[in-house]
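Structure first, commentary second.
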Amino acid sequence: MKSYRDLDIYNLSFEYALEVHKVSLKLPKFELYEQGSQIRRSSKSIKDNIVEGYGRRAYKQDFIKFLVYAHASLLECLSQLEMIDELYEIKEIKTLRTKYDLLGGKIYSFLQYVEKNWKT
């Protein structure tokens with residue numbers, strides 16, 4: 001692994017953050033700066049925490065800590081998607097919820113791998 005770009009969890013989180021950004025712009029105008037801003041920030045935080053953790057990979061506990069932060073941001077993003085799904089009829093939301101559910105499992109699996117197998 002030469003770069004964080006080699007991590008599947010990074011590539012998926014980047015792709016999904018772009019999707020969330022585009023979908024959030026379909027929210028009603030009054031939600032663009034509240035619910036929209038919150039979901040954009042939480043989705044981008046997932047990829048950013050993966051990158052920051054990777055940057056600290058020489059320190060196993062730091063890497064783990066940032067992977068936990070990435071997973072927590074994912075849960076926040078899922079919570080935002082659930083709220084938007086209940087309030088507004090935006091067809092892409094259900095697909096995004098499924099994608100983030102699967103990504104959460106991948107991040108959790110990678111976190112377990114790092115905890116058990118990562119050599120510093």
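Could you pull out the pairs from K2/K94; K22/K47; K60/K99; K44/K99; K29/K106; K2/K65 whose alpha carbons sit more than 23 Å apart here? It would help to have the intermediate numbers written out before the result.
Working: K2/K94 34 Å; K22/K47 16 Å; K60/K99 28 Å; K44/K99 15 Å; K29/K106 34 Å; K2/K65 21 Å.
With Cα atoms farther than 23 Å apart: K2/K94; K60/K99; K29/K106.
Residue farthest toward the positive end of the dipole of the chain, with Cβ of Lys/Arg at +1 and Asp/Glu at -1: which of Q35, S3, T95?
S3
Could you size up the charge dipole of segment 71-120 around its Cα centre, putting +1 on the beta carbon of Lys and Arg and -1 on that of Asp and Glu, and report it in debye to the nearest 20? Could the numbers behind the result be given before it?
Working: 7 positive and 8 negative charges, 85 e Å.
Its charge dipole is roughly 400 debye.
About the Cα centre of the chain, what is the dipole size in debye to 20, counting +1 per Lys and Arg Cβ and -1 per Asp and Glu Cβ, all else neutral?
On the way: 20 positive and 17 negative charges, 112 e Å.
Its charge dipole is roughly 540 debye.
Rounded to two decimals, what is the ratio between the C-alpha radius of gyration of segment 4-117 and 2.2 N^0.38 Å? Don't skip to the end; give the middle numbers.
Numbers: Rg = 14.4 Å, N = 114, 2.2 N^0.38 = 13.3 Å.
Ratio of Cα Rg to 2.2 N^0.38 Å: 1.08.
Can you tell me the length gained on complete extension of the stretch L102 to K60, counting 0.36 nm per residue apart and subtracting the Cα distance?
On the way: separation 42, 0.36 × 42 = 15.12 nm, distance 2.44 nm.
Between L102 and K60, full extension yields an extra 12.7 nm.
Coordinate-derived values only; no laboratory data. In this text the structure is predicted, and so the values were computed from the model without any measurement. Cβ atoms come from the backbone with ideal geometry, glycine included; neighbour counts cover every protein chain shown.
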